[in-house]
Amino acid sequence: MSLLAMLLLVSATDFDIDPAYKPVKDSLADARAGKVQCHDPDTAARTCRIMTWLNEGAGGKVQVRQLTALSDSPSLAAELRMTATREGDALCGVVNDAYMAGFRIVSGRAPYPAADNKRYAILYRNELVATLWNRKTCAYAYAKPGDPLHLEVGTVDGQFAGEMMSNYIWVGANAGYRLKARPPA
């Protein structure tokens, strides 16, 4: 391996975060135990802004189902179903038409009618993922020893993307957590 390639590999996982955070050795262990990622958790209220279910398959493929709370009143969430790939310590994917094929807006427990869903999907694509279109994104998991709160760090095309950082905990699938949107700014 060339020195340049080795430097790129090493630098890809050095995010200048609190040194107390260490890479999670098996980021899917909790998913295999039936747990769900709860991003931006409020443990007292038992709410999450994003909930992610991960199912590991063959060949490093990981099935992802993610719900992101958009609004509490009316109850709106973005649902994404996609396949990510394990690449070393990261889960990676490309934001493209296949990614968008697994996207829809849901209200309560029922999806919006197809016409509205398509309109919302176009708005989502144009406004939220336009900067990521056809680019490779990866997520790396970090944790402090003994702390249930994990840190997810993201990259876009191998470059650190601070706006993709988030905190999450693993919760039991039947632990009573629900989605809650961010409060208006």
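The values are calculated or read from the model by the stated rules, or taken from the named source; none is laboratory data. Source: prediction; values computed, not measured. Using ideal geometry, Cβ is built from the backbone for each residue, glycine included, and neighbour counts are taken over all protein chains shown.
Among the residues of segment 19-30, is any at pLDDT 90 or above, surrounded by 18 or more Cβ atoms within 10 Å (Cβ to Cβ), among the small types (Gly, Ala, Ser) and outside any strand (DSSP E or B)? So far as segment 19-30 goes, yes, one or more of its residues are at pLDDT 90 or above, surrounded by 18 or more Cβ atoms within 10 Å (Cβ to Cβ), among the small types (Gly, Ala, Ser) and outside any strand (DSSP E or B). Under the condition of being over 25 Å from Ser107 (Cα atoms) and exposed (fewer than 15 other Cβ atoms within 10 Å of the Cβ), the residues counted in segment 72-88 number 2. Counted as qualifying within segment 109-185 are the strands (runs of 3 or more DSSP E) with 3 or more residues that are modelled with pLDDT of 90 or more and more than 14 Å from the chain's Cα centre (by Cα), namely 159-172. Pairing residues of segment 75-96 that are more than 13 Å from Gly59 (Cα to Cα) and outside any strand (DSSP E or B) with residues that are aromatic (Phe, Trp, Tyr) and at pLDDT 90 or above, at Cβ distances under 8 Å and at least 6 apart in sequence or on separate chains, gives Asp89/Tyr140.
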